[in-house]
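Everything on this sheet refers to the single structure shown next.
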């Protein structure tokens, strides 16, 4: 399963479990196991270099899980769960842009100082006479 950045996870490392789906569906949901949970243990899976593994674990944790119970078909839910797992891994591999420090604009600084002056004036006006 390709996840981008030259990395590919072997499908043998993905653990698929089926269970009964929740929600409406009548008698069909009571007897079929159409819900699929795809899990991947990042600490032991192959296909990742150490930097990719470190980034994925830092972002997602050591175990990544995706669940699908959208359709009545177990095969379609299996494909959906694998696609969701792949999408989570792809998103986590993209490096985040570093935060750029910004300064408040001159107008914002002036508004803040003017507000402080107004508040000070308001409190000064509330004092009993004769204290100044």
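Subtracting the Cα-Cα distance from 0.36 nm times the residue separation, let me have the gained length for residue 44 to residue 106 in nm, one decimal.
17.0 nm
For n ≥ 4 DSSP H runs only, could you compute -39500 (n - 2.57) per run for the chain, divide by its residues and tell me the 222 nm figure to the nearest 500?
-14000 deg cm²/dmol
Taking a label point 7 Å from the Cα of residue 54 along the Cα→Cβ vector, which residues of region 1-16 have an amide N closer than 20 Å to it?
Residues 4-8 qualify, since their backbone N sits under 20 Å from the label point.
Cα gyration tensor of region 38-132, axes a ≥ b ≥ c as square roots of the eigenvalues: rounded (a/c below 1.5), prolate (a/b > b/c) or oblate?
Prolate, because a/c is 1.5 or more and a/b exceeds b/c.
Where a ≥ b ≥ c are the square roots of the eigenvalues of the C-alpha gyration tensor, would you call region 2-93 rounded, which needs a/c under 1.5, or, failing that, prolate if a/b is larger than b/c, or oblate?
Note, shape of region 2-93 comes out prolate.
Choose one answer from 47, 61, 115: the residue with the largest mean-square fluctuation in a GNM of the chain with alpha-carbon springs under 10 Å.
Looking only at 47, 61, 115, the biggest GNM fluctuation is shown by 115.
If packing is taken as the mean number of other Cβ atoms within 10 Å per residue, what is the order of 33-43, 49-59, 120-130, highest first?
33-43, 49-59, 120-130
How would you order 66-76, 88-98 from highest to lowest mean count of nearby Cβ atoms within 10 Å?
66-76, 88-98
Go ahead and run the numbers for FRET between residue 20 and residue 63, Cβ-Cβ distance against an R0 of 25 Å, rounding to 0.05.
Step by step, r from the Cβ atoms, then E = 0.65.
With angles folded into 0 to 90 degrees, how steeply does helix 74-93 sit against the dominant principal axis of the chain? Use alpha carbons for both and round to 10.
So the inclination is approximately 40 degrees.
Please order 102, 65 by the number of other Cβ within 10 Å, starting at the fewest.
Lowest to highest Cβ neighbour count: 102, 65.
Values in this text are rule-based calculations from the coordinates and carry no lab data. Keep in mind that this is a model prediction, so the values were computed, not measured. A quick note on method: Cβ atoms are made from the backbone with ideal geometry, for glycine too, and the neighbour counts reach across all protein chains shown.
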